[in-house]
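Where a number appears in this text, it was derived from the coordinates with a stated rule and is not lab data. Please read these numbers as outputs of a predicted model, since none were measured by experiment. Backbone-built Cβ (ideal geometry, glycine too); neighbour counts: all protein chains shown.
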Amino acid sequence: MRQSVFKKFVLVALLSLLVPVTASAADTFKIGVAGPHTGDLAPYGIPTLEAAKMVADQVNAAGGVLGKQVEVMPMDDQCKPEIATNAATKLVSQDVDVVIGHVCSGATKAALGIYKEANVIAISPSATNPPLTQSGDYPNFYRTIAPDDDQGKLAAEFVAGKLGAKKVAILHDKGDYGKGFADFSKMFIEQGGQVEVVMFEGVTPGAMDYSAVVQKIRREKADAVIFGGYHPEASKLISQMNKKRMKIPFIGPDGVKGDGFLEIAGKDAEGVYATGPMDVSAYAENQKAKADYVAKYGKEPGTFFDQGYAAMQAILAAIEATGGTEYAALEKALKSNFVDTSVGKIKFDAKGDAEGVGFSVFQVQGGKFVELQ
Amino acid sequence: MDYFLELFSSGMVRGSIYALIALGYTMVYGIIQLINFAHGEIYMIGAFVALIVSGVLTIYGFSGVSILILAAVIAMIYAAAYGYTLEKIAYRPLRNAPRLSPLISAIGMSLFLQNYVLLAQTPDFLRFPELIPEFEFMEPIAHVMGSAELIILVTSAITMIGLTLLIKFTRVGKAMRATQQDMTMARLVGVNVDQVISMTFIIGSVLAAIGGVLVASYIGQINFYIGFMAGVKAFTAAVLGGIGNIPGAALGGIVLGLAESFAAGYVSSAYEDVFAFGVLVFILILRPSGLLGKAVKQKV
């Protein structure tokens, strides 16, 4: 008996939560913020929600957008695709204007179809799966983070362009991360067509030495090496290349770009290139957002805070520029206007990826990684 | 041809390190029929001791070769102490136990030592300074064989010749051979078998420490796990050459190193382990007791 009474209480409590949403005023801009707000992946979703609320509060305090208030509508998807579709349906049925989210790539993919049918634009702060934008299936999708293949693309372009290499050797450590980077690099190099991939090979992590591989690189006459993997193998490779008197550029991913590499490779690290996330901490917007957050919550913001903040800034700017939330106009504004956000000055390309965010090439100069322009 | 020579030299370097470690496996197996799985850890500890010592010596202003020699000597002493203690704690009490018991105890010691270093030092990779100097006269052929590689080859060769002489011509060597042939009989004629076994562990550990210092200085990084990989390869080398047979371990190491190097060079380095173990399988099919191993009749 007691239990069923308890259940009714819970039901009433849950229903009462829905009341404010349905009762909300019609003359607001409704921004849905979807992502994992509970569960073990919540640390990836909460910062975006906090960021969206902070931006909304600031805008509302200054009189809102186009004279209307901005209303943030949180929606939990726990990063689960099946819950994400429900969350999306719920947001759409509540006449949401734009969605910030979702956070996980799988959940995002599941929800996007629903937004697409309802002509709702979704901007994810964190879904990095490349096909989400590149497949062209979801013209309503944008993101303020670089896709997974961007590093490989950047490395490929760097080798072909700035280094002017003709033949490149691509090595990887046979792991998901390293081989993924190597695969994307290879794909983009072959697409570029200017550079020949003369060698594509896995090395065994923890092997005693890599001199046979190094000799092979020399025999294939490669004039640059791209390596997908982490810093211990990278240091071993680069030190053996130096020992074998082979002086060709070496490019690694962000698994190499760190203090661990500098420490282990020592003087061999000098001149090594690595791709890594752009340094955004120098932007005024970023510093301001961070300072506001620290002032409000008394701690450093969590993962994807910057990207969530930027997504909110970008969409509000687009609404302001177009004077409403009409789909085609918003799309045009997002893709043509540069906006100052916490991840830098960005706009979106034809496929929905942000231009101006992502990865840079760094080089070890004087024992430190220096961002190359 | 150049490419062949390059691969040959890198295979020889690798192989001679495998051989140094394999000797420890094979000597122990020859005398007490125990596969000392903790042997790779002794190699790793040797490298760590050398790293610590070289750090201290650098502070005191020593340089280059003197650090290398002092660090190596101290690493050898430490490794010998570890090997001796290991045998005393983990194997001696199980001397008359069923053969499986010391084997389990060996695996236990291996895990213990790995985790001990992990906790006492660090789980991260550490930089190991290049203690082996660059020789001017090696510069023209540095792309084929560098100074460090030359030092590794020469040191391994000297060590192995020294070991052979020790076993052939000294009292200790004679006692070791006697113990290997028949432990009970050796004891009856007055050989202190326990001492001989301790000595075997000490010699094996010293060899492993030499290998550890050379490799760490060559590749420039160490962590607590390097002993495991090296141990597996060296054990393979020992089996390849015929476990229990000392020249066999040396030969097995070289064969394994060359097989890996050529596989990486001519086929793909992704498959170097496949080739290494493929060679092992192939040779064991043809010669079940290894390259130089003798088929031993079961003693009743």
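Please report the base-10 log of the normalised intensity I(q)/I(0) for region A:57-126, using a Debye sum with one equal scatterer per alpha carbon and no solvent, at each q in 0.14, 0.20, 0.26 (1/Å).
-0.44, -0.78, -1.09
Just the number, please: Stokes-Einstein D of region A:38-160 in µm²/s, Kirkwood Rh from C-alpha pairs, 25 °C, 0.890 mPa s.
The calculation lands on 159 µm²/s.
In units of 2.2 N^0.38 Å, what is the alpha-carbon radius of gyration of chain A?
The reported ratio for this selection is 1.14.
Considering only A:V98, A:A52, A:I145, whose Cα is most displaced toward the positive end of the charge dipole of region A:15-155, charges sitting on Cβ of Lys, Arg (+1) and Asp, Glu (-1)?
Of the options given, the answer is A:V98.
Write out the GluC sites (Glu not before Pro) in region B:127-205 meeting two conditions: DSSP loop, and at most 16 other Cβ atoms within 10 Å of their Cβ.
B:E134
So if I restrict to the alpha-carbon atoms in region B:119-257, what is the Rg, and what is Dmax, the biggest pairwise distance, in Å?
According to the Cα coordinates of region B:119-257, Rg and Dmax are 18.2, 59 Å.
What does the convex hull of the Cα atoms of region B:100-150 come to per residue, in Å³, rounded to a whole number?
Convex hull of Cα atoms, per residue: 137 Å³.
Using DSSP to call loops (not H, G, I, E or B), can you name the trypsin sites (Lys or Arg not before Pro) in region B:52-129 whose Cβ has at most 16 other Cβ atoms within 10 angstrom?
In loop regions of region B:52-129 (DSSP not H, G, I, E or B), the sparsely surrounded trypsin sites (Lys or Arg not before Pro) are B:R95, B:R99.
Given Cα positions, please report Rg to Rh for region B:2-286, the hydrodynamic radius being the Kirkwood one.
With Rg and the Kirkwood Rh in hand, the quotient comes to 0.97.
Mind putting a number on the dipole of the protein assembly as shown about its Cα centre? Charges go on the C-beta only, +1 for Lys and Arg and -1 for Asp and Glu, and I need it in Debye to the nearest 20.
Dipole of the protein assembly as shown, to the nearest 20 debye: 2740 debye.
Are any of the pairs A:K80/A:K109; A:K290/A:K351; A:K221/A:K244; A:K216/A:K267; A:K236/A:K267 more than 18 Å apart by Cα-Cα distance, and if so, which?
A:K290/A:K351; A:K216/A:K267
More than 16 angstrom separation, counting every C-alpha pair in region A:298-373; what % is that?
58 percent
Taking region A:266-373, which trypsin sites (Lys or Arg not before Pro) meet the DSSP loop condition and have no more than 10 other C-beta atoms within 10 Å?
A:K299
Provide the descending list of Cα extents for the protein assembly as shown along its principal axes, expressed in whole angstroms.
104, 75, 54 Å, listed from the longest principal axis down.
222 nm [θ] for the protein assembly as shown, helices only, -39500 (n - 2.57) per DSSP H run of 4+, per residue, to 500?
Helix contribution divided over all residues of the protein assembly as shown: -18500 deg cm²/dmol.
Could you grab the Rg to Rh ratio for region A:124-199? Cα atoms only, Kirkwood for Rh.
Computed over Cα atoms, the ratio is 1.03.
With no solvent and one point per C-alpha, what does the Debye sum give as log10 I(q)/I(0) for region A:236-373 at q = 0.17 Å⁻¹?
-0.94
Under the Kirkwood approximation for Rh and a Cα-based Rg, what ratio Rg/Rh is obtained for region A:38-93?
1.07
Within 10 Å of each Cβ in peptide B:265-272, how many partner chain Cβ atoms are there on average? Round it to a whole number, please.
6
Of all DSSP beta bridges in chain A, what percent run antiparallel (nearest 5)?
Beta bridges within chain A, antiparallel portion: roughly 30 percent.
Using alpha carbon centroids, what distance separates region A:249-324 and region B:141-209, in Å?
Taking the Cα centre of each part, region A:249-324 and region B:141-209 sit 57 Å apart.
Can you work out the Karplus-derived ³J(HN,Hα) for every residue in region B:92-106? Use 6.51 cos²θ - 1.76 cosθ + 1.60 with θ = phi - 60°, whole Hz, and x for glycine or proline.
4, x, 9, 4, 9, 7, x, 5, 6, 4, x, 5, 5, 4, 5
At q = 0.17 Å⁻¹, what is the log10 ratio I(q)/I(0) for region B:1-79, with the Debye formula run over Cα points and no solvent?
-0.82
Expressed as a whole percent, how much of the Cα-Cα distance distribution for region A:150-271 exceeds 18 Å?
I get 45 percent for the Cα pairs in region A:150-271 exceeding 18 Å.
Would you order A:H102, B:H143 from fewest to most other beta-carbon atoms within 10 Å of each residue's own beta-carbon?
The fewest-first ordering by Cβ neighbours comes to B:H143, A:H102.
List the lysines whose Cα sits under 23 Å from the Cα of A:K288, skipping any in the same chain fewer than 8 residues away.
Here the lysines satisfying the reach criterion relative to A:K288 are A:K53, A:K296, A:K299, A:K345, A:K347.
Among B:G227, B:G61, B:S261, whose Cα projects farthest towards the positive end of the dipole of chain B, with charges put on the beta-carbon of Lys, Arg (+1) and Asp, Glu (-1)?
About the Cα centre, the residue reaching furthest to the positive side is B:G227.
Averaged over all directions, how much area does the convex hull of the C-alpha atoms of region B:69-180 cover when projected, in nm²?
Hull-based average projected area comes out at 10.8 nm².
Taking Cα atoms, how many degrees apart are the long axis of helix A:81-93 and the longest axis of chain A, rounded to 10 and kept between 0 and 90?
For helix A:81-93, the angle is close to 40 degrees.
Report Rg (one decimal) and Dmax (nearest whole number) for region B:185-300, counting Cα atoms only, units Å.
Here Rg and the maximum Cα pair distance are 17.1, 55 Å.
With springs only between Cα atoms under 10 Å, which of B:V73, B:V281, B:V189 fluctuates most in a Gaussian network model of chain B?
Judging by the Gaussian network model, the answer is B:V189.
Check A:S124: other-chain or 5+ apart residues with amide H under 5 Å from its amide H, H built from backbone geometry?
Under 5 Å from the amide H of A:S124: A:G101, A:Y142, A:R143, A:T144.
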